[in-house]
Amino acid sequence: VSRWDVIVVGAGSAGCVAAARLSADPHRRVLLLEAGPDRAGPPEVSTTFLDALHVPGRTWPDLHASRSTGAPPRPYLRGRGVGGSSAVNAMIAQPGEPDDYDAWERDLGCRGWSWADVEPWFRRTALVLRTAPRAEWGELSRALGAAVPDAAGGVPLTRDDRGRRVAVDAAYLDPARSRANLEVRAGTAVDRVLLDARAVAGVRTVAGDDLEARTVVVAAGAIHTPAILLRSGLDVAGIGEGLQDHPSFPITIRRAVPADPSSLPIATLARLDSSEARHDLQLLPLDHAGRHAPDLAVLVAALVRVRSRGVVLVGDPDPAADPVVEPRMLSDERDARLLGEAIDAAERVLEHPAVRAVGEVVAYDRTPGGVLEGLGDYVHAAGTCAMGRVVDERCRVVRHAGLVVCDASVMPALPRAGTHLPTVMIAERVAAWLAAELDERGRAGQPG
Ligand SMILES: Cc1cc2nc3c(=O)[nH]c(=O)nc-3n(C[C@H](O)[C@H](O)[C@H](O)COP(=O)(O)OP(=O)(O)OC[C@H]3O[C@@H](n4cnc5c(N)ncnc54)[C@H](O)[C@@H]3O)c2cc1C
């Protein structure tokens, strides 16, 4: 008999939710493994995300991505350690458009994922969501609010009413930590899933330890989950394919008055319509660029309904090596055209007197070559173990009993929003289904 009924790999947005929900039954023994450190203490996560990103060990330091085909690899941000990317993200929490989920069901064949299906699960979240009080908004955020009505009210952020970040570890894991049937083991990177024929038998850590369980939930995020599954030698096609991120184009403003670098960097965003769809363009104001550049603000133009798809590959068989990440953004010509519309919208906003008062726009190149050179991402990686290809509608890996993927990898297409809240919604659903399945197996007298 193994010590664990369920092993959850990765303590990020999805893994913390899954481990907390699954361990609610005291008879179910749950082990949560995380490659990075456990939280050192509250202050690091209460600061701005620009500070949180500099806390040693809290991101994957050598991870790189080539944003567009043939572009040189540049650092790609992913959270590491308990809390995962939710502990370093910009805290914006939006579900996206109802039609994003209707399209998952209607166009991508994911039965049970329409807006009517998912909306109650968004409401169920234990995350605390608040807009920032106006007094905390930086100058560029206020100016964008003046220029675009959609930005005037601010966005929901995962902060409490004292302004402290509420990452998934605080919202979900901390209340569960005292449970005797839950163990959180940080500093433990997983190499691969172990199989007994096609059924799950446990995991092997990068250090070479084998841990047994009949159910493994891989929640290592859209970059590392496919790498783990590719190393595991599964009989499943399509792992790592379909990677999406939201392409962005940052326009820098040299502020007339430098900002306080400990102030809230992002308080709002504007959703705009392109010539093709509703709310598929975003303008995101970054009020300062952190302690090293408090005199710079950035207006980011982004496309949030995308067609381009790339890939995550395992290049080096060493399980400690980072995967190769190629989002191939703008490889679909329509994405390049629509990002151009987002840049047009940003340029109109830059002409608004309130925005002009913030400072001088730093010269930028918006020719096709210049856009490719300046192309940024939105750190919203998703889609690399998509529903309908690698996993079924309950996020179970096809043809491999006991293996579940629970993170942003399973999204069949990116929603028109950040990926944090949608990932938490997915994890809530996957944990509920899995708990019911394990209960059923228990009643039938089968081993966990
Ligand atoms: C800087 C930044 C800003 C962002 N801002 C926003 C925002 O404002 N709003 C929004 O909606 N989204 C935002 N996002 C995206 C959002 O936070 C992520 O999409 C979401 O957190 C992903 O959740 P996940 O569970 O899929 O992965 P993660 O939260 O990344 O969790 C994966 C976990 O698995 C661990 N892991 C990886 N490999 C292994 C292994 N081999 N063994 C053990 N553990 C492993 C990782 O260390 C990590 O802790 C941002 C992301 C970043 C990086």
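The values are calculated or read from the model by the stated rules, or taken from the named source; none is laboratory data. These numbers were taken from a predicted model, which means no experiment stands behind them. Cβ placement follows ideal geometry from the backbone for every residue including glycine, while neighbour counts extend to all protein chains displayed. Heavy atoms of the whole protein, side chains included, go into the accessibility calculation; ligands, DNA and RNA do not. Shrake-Rupley method; radii C 1.70, N 1.55, O 1.52, S 1.80 Å.
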Checklist outcome for this item: Those residues of the stretch 374-403 which are more than 21 Å from Arg78 (Cβ to Cβ), of a type outside the set (Lys, Arg) and touching a residue at least 24 places away in the same chain (Cβ under 8 Å) amount to Gly374, Met387, Gly388, Glu393, Val397, Val398, His400, Ala401, Gly402, Leu403
Item to check | Arg165 being open to solvent by 10 Å² or more (accessible area, probe 1.4 Å) and modelled with pLDDT of 95 or more | outcome: no
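So which of Ser2, Ser86, Ser13 is touching a residue at least 12 places away in the same chain (Cβ under 8 Å) and more than 12 Å from the ligand (Cβ to nearest atom)?
Details: Ser86 fails: more than 12 Å from the ligand (Cβ to nearest atom); Ser13 fails: more than 12 Å from the ligand (Cβ to nearest atom).
Ser2 is the lone residue from the list that is touching a residue at least 12 places away in the same chain (Cβ under 8 Å) and more than 12 Å from the ligand (Cβ to nearest atom).
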Checklist outcome for this item: The residue from Arg28, Arg3 that alone is among the charged types (D, E, K, R), at pLDDT below 95 and in a loop (DSSP other than H, G, I, E, B) is Arg3
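Matching residues to (1) in contact with a helix residue (DSSP H, G or I) (Cβ under 8 Å, 6 or more places away or on another chain); (2) within 19 Å of Ala413 (Cα to Cα); (3) assigned to a helix (DSSP H, G or I):
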position	(1), (2), (3)
Asp38	no, no, no
His54	no, no, no
Pro61	no, no, no
Asp99	yes, yes, yes
Trp104	no, yes, yes
Gly109	no, yes, no
Gly112	yes, yes, no
Asp150	no, no, yes
Checklist entry - Among (1) open to solvent by 60 Å² or more (accessible area, probe 1.4 Å); (2) in contact with a Leu (Cβ under 9 Å, 6 or more places away or on another chain); (3) of a type in the set (Asp, Glu), where does Glu183 come up short? => result (1)
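So, Gly81, is that one near the ligand (Cβ under 8 Å from one of its atoms), assigned to a loop (DSSP other than H, G, I, E, B) and surrounded by 24 or more Cβ atoms within 10 Å (Cβ to Cβ) or not? Please lay out each step first, then the result.
Details: near the ligand (Cβ under 8 Å from one of its atoms): yes; assigned to a loop (DSSP other than H, G, I, E, B): yes; surrounded by 24 or more Cβ atoms within 10 Å (Cβ to Cβ): yes.
So Gly81 passes the test.
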Checklist entry - Looking at the stretch 221-239, which of the residues that are open to solvent by 30 Å² or more (accessible area, probe 1.4 Å), outside any helix (DSSP H, G or I) and in contact (Cβ under 8 Å) with a residue 60 or more places away in the chain is farthest from Gly402 (Cα to Cα)? => result Ala237
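Residues in the stretch 258-272: is at least one within 11 Å of the ligand (Cβ to nearest atom), more than 30 Å from Ala363 (Cβ to Cβ) and of a type in the set (A, V, I, L, M, F, W, C)? Give the derivation first.
Kept after step one, since they are within 11 Å of the ligand (Cβ to nearest atom), are these residues of the stretch 258-272: 265-266, 269.
From what's left, more than 30 Å from Ala363 (Cβ to Cβ): none.
Scanning the stretch 258-272, I find no residue that is within 11 Å of the ligand (Cβ to nearest atom), more than 30 Å from Ala363 (Cβ to Cβ) and of a type in the set (A, V, I, L, M, F, W, C), so the answer is no.
When the stretch 132-148 is examined, which residues are found to be under 23 Å from Asp273 (Cα atoms) and either assigned to a loop (DSSP other than H, G, I, E, B) or open to solvent by 50 Å² or more (accessible area, probe 1.4 Å) (or both)?
Let us first name the residues in the stretch 132-148 that are under 23 Å from Asp273 (Cα atoms), namely 140-148.
If the condition is that a residue be under 23 Å from Asp273 (Cα atoms) and either assigned to a loop (DSSP other than H, G, I, E, B) or open to solvent by 50 Å² or more (accessible area, probe 1.4 Å) (or both), then Arg142, Ala146, Val148 are the ones that fit.
Considering only residues that are acidic (Asp, Glu) and within 16 Å of the ligand (Cβ to nearest atom), look in the stretch 369-416 and name the one that is surrounded by the fewest Cβ atoms within 10 Å (Cβ to Cβ).
Filtering the stretch 369-416 for residues that are acidic (Asp, Glu) and within 16 Å of the ligand (Cβ to nearest atom), the one surrounded by the fewest Cβ atoms within 10 Å (Cβ to Cβ) comes out as Asp377.
If you take the residues of the stretch 191-206 that are outside any strand (DSSP E or B) and over 21 Å from Gly15 (Cα atoms), which of them is nearest to the chain's Cα centre (by Cα)? Quick ask: steps written out before the conclusion?
First, pick out the residues of the stretch 191-206 that are outside any strand (DSSP E or B): 197-198, 206.
From what is left, the residues that are over 21 Å from Gly15 (Cα atoms) are 197-198.
Working: Ala197: 32, Arg198: 29 Å.
Within the stretch 191-206, the match that is nearest to the chain's Cα centre (by Cα) is Arg198.
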Checklist entry - Quick one: is Gly202 surrounded by fewer than 18 Cβ atoms within 10 Å (Cβ to Cβ) and either modelled with pLDDT of 95 or more or in contact with a Pro (Cβ under 9 Å, 6 or more places away or on another chain) (or both)? => result no
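Within the stretch 95-116, how many residues are touching a Gly at 6+ places or on another chain (Cβ under 8 Å) and either among the hydrophobic types (A, V, I, L, M, F, W, C) or near the ligand (Cβ under 7 Å from one of its atoms) (or both)? Break it down into steps so the answer makes sense when it comes.
Residues of the stretch 95-116 touching a Gly at 6+ places or on another chain (Cβ under 8 Å): 105, 108-110.
Narrowing further to those that are either among the hydrophobic types (A, V, I, L, M, F, W, C) or near the ligand (Cβ under 7 Å from one of its atoms) (or both): 108, 110.
Adding up the residues that qualify gives 2.
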